[in-house]
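We did not get these values from a lab; they are worked out from the coordinates using the rules stated. What you see is a predicted model; the values in this text were computed from it and never measured. Positions of Cβ are generated from backbone atoms using ideal geometry, with glycine treated the same way; all protein chains shown enter the neighbour counts.
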Amino acid sequence: MRPSIDQASLMAWFAEHQRNLPWRNTSDPWAILLSEILLQQTQVSRGIVFWQRLYSRYPTVEEMASSTEEEVLHLWQGAGYYSRARRLFQLSKRVCENSENGGFEGVLPTDSKTLQTLPGIGPYTAAAVASIAHGEAVACVDGNIRRVMARQTADENPSPNLVQDWADRSLWKADAGNWNQALMELGATLCMPKRPNCAQCPIQSSCLGMAEPIRYPAPKVRSKKRVDLMCILRLDTNGLPELVQRGSTGILEGMWGPEMGESLDVAALSYLGEVHHVLSHRDMHIRVWKGTVETGVDPKSVPLSSLDMKILRLGGVFDA
Ligand code: SF4
């Protein structure tokens, strides 16, 4: 029989060693939801900056719902994965709808099942918010927990069902919010991918993979997809660029930037150079040409992605 996790040790370790993150000093479900959405694809140090920016501008879900998508995108500028910002804005609108229209009268749902009906909320975020803000006895599974599980059970390639099953069985139901956070904190600060600090680990007594932890889980072979695009940076006589809002799909959805596409007519234009931008699943190569436009746009007035800022810098719009 597998040794069971020493739950009390993990909880005691978490109480003593957890990082002081601003959303841990509140029980406000909206603040917690903002942090969980931001941390999905943003490092904690950067997540803190964006969380403070968003939470101080939108201390309640109603404040965001009465704002505009463009303002939310502007505040999100630099955090990447802009679809998250758009879904978050849609979520705020939906929560603030009347109940006859399928809304929640300005109050975030409290249970994980209902939370999952909101835009942008998947099983992980729903479980995290419901357990941390409301104590629902539901287990979270994220990348950190998958790694801890793989090492605890010495499983090189655990299936999503096995990881969820392990998380469900391990859950300390009496304090699910802190339990979920403790496991994630362990994965983030001790059971790290490359150099796990097993000597300090409060649950080493149940760890079957401790002798060779970096074997677990086996690394996923995920090659980045190369994306080649063309871009025309048109400037007016004051050096202001033409900027257009992108459509509602794709990685730059809703953000503003110079015209970009797979095939553009650049026959009469001068070539500026190439911008290289790496995302988690994409290796983007943007060849940029320079053109003219009668009246440009102040780039500070619209939300821009990091990629678009690189293109504008190449054209001398921003200082490098
Ligand atoms: S003993 Fe090491 S490998 Fe096992 S859970 Fe703890 S830190 Fe991870």
With DSSP loop assignment and no more than 10 other C-beta atoms within 10 Å, the GluC sites (Glu not before Pro) in region 242-283 are Glu262
With +1 at each Lys and Arg Cβ and -1 at each Asp and Glu Cβ, the charge dipole magnitude of region 225-314 around its Cα centre, to the nearest 20 debye, comes out at 320 debye
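If the convex hull of the alpha-carbon atoms of region 1-130 is projected onto planes in all directions, what is the mean projected area in square nanometres?
Projected area, direction-averaged: 9.6 nm².
Looking at the chain, send over the antiparallel percent of its DSSP beta bridges, to the nearest 5. Walk me through the numbers on the way to the answer.
Working: 14 of 26 bridges.
If we restrict to bridges inside the chain, about 55 percent are antiparallel.
Please give the charge dipole size of the chain, origin at the Cα centre, charges +1 on K and R Cβ atoms and -1 on D and E Cβ atoms. Round to the nearest 20 debye.
Charge dipole of the chain: 1120 debye, to the nearest 20.
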With Ala126 itself left out, Lys, Arg at +1 and Asp, Glu at -1 over residues whose Cβ is under 12 Å from its Cβ give -2
Relative contact order in percent for region 1-133 (Cα pairs under 8 Å, 6+ apart) equals 22 percent
Env charge @ Ser270, Cβ radius under 13 Å, K,R +1 / D,E -1, value +3
Here the relative contact order (percent) of the chain, from C-alpha pairs under 8 Å and at least 6 apart, is 16 percent
The rounded separation in angstrom of the Cα centers of region 205-222 and region 289-304 is 50 Å
Over the Cα atoms of the chain the radius of gyration and the largest Cα-Cα distance (Dmax), both in Å, equal 22.8, 75
1/(1 + (r/R0)^6) with r = Cβ-Cβ of Glu71 and Ser263, R0 = 41 Å, i.e. FRET efficiency to nearest 0.05, evaluates to 0.80
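Over 16 Å, how big is the tail of the calculated P(r) for region 50-90, in percent of all Cα pairs?
21 percent
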Farthest towards the positive end of the dipole of the chain, among Asn144, Leu269, Asn197 and with Cβ unit charges of +1 on Lys and Arg and -1 on Asp and Glu, lies the Cα of Asn197
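With a/c under 1.5 counting as rounded, go ahead and sort region 86-126 into rounded, prolate or oblate using the C-alpha gyration tensor (a ≥ b ≥ c being the square roots of the eigenvalues; past the cut-off, prolate if a/b is larger than b/c, else oblate).
oblate
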Among region 254-274, those whose backbone N falls under 12 Å of a label point 7 Å along Cα→Cβ from Asp228 are 262-263
In nanometres, the difference between 0.36 nm per residue of separation and the alpha-carbon distance of Ala12 and Gln40 is 7.5 nm
Ordered by number, the trypsin sites (Lys or Arg not before Pro) in region 159-213 that occupy a DSSP loop and have at most 12 other Cβ atoms within 10 Å are Lys194
The relative contact order of region 91-250, taking Cα pairs under 8 Å that sit 6 or more residues apart, comes to a percentage of 18 percent
The rounded separation in angstrom of the Cα centers of region 228-266 and region 108-128 is 35 Å
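Which pairs, out of Lys93/Lys300; Lys113/Lys173; Lys290/Lys310, put more than 20 Å between their alpha-carbon atoms?
Distance filter (> 20 Å) returns Lys93/Lys300.
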Computed over region 251-320, the convex hull of the Cα set has an average projected area, in nm², of 5.4 nm²
Taking Cα atoms, the helix 44-57 axis meets the longest principal axis of the chain at an angle in degrees (rounded to 10) of 70 degrees
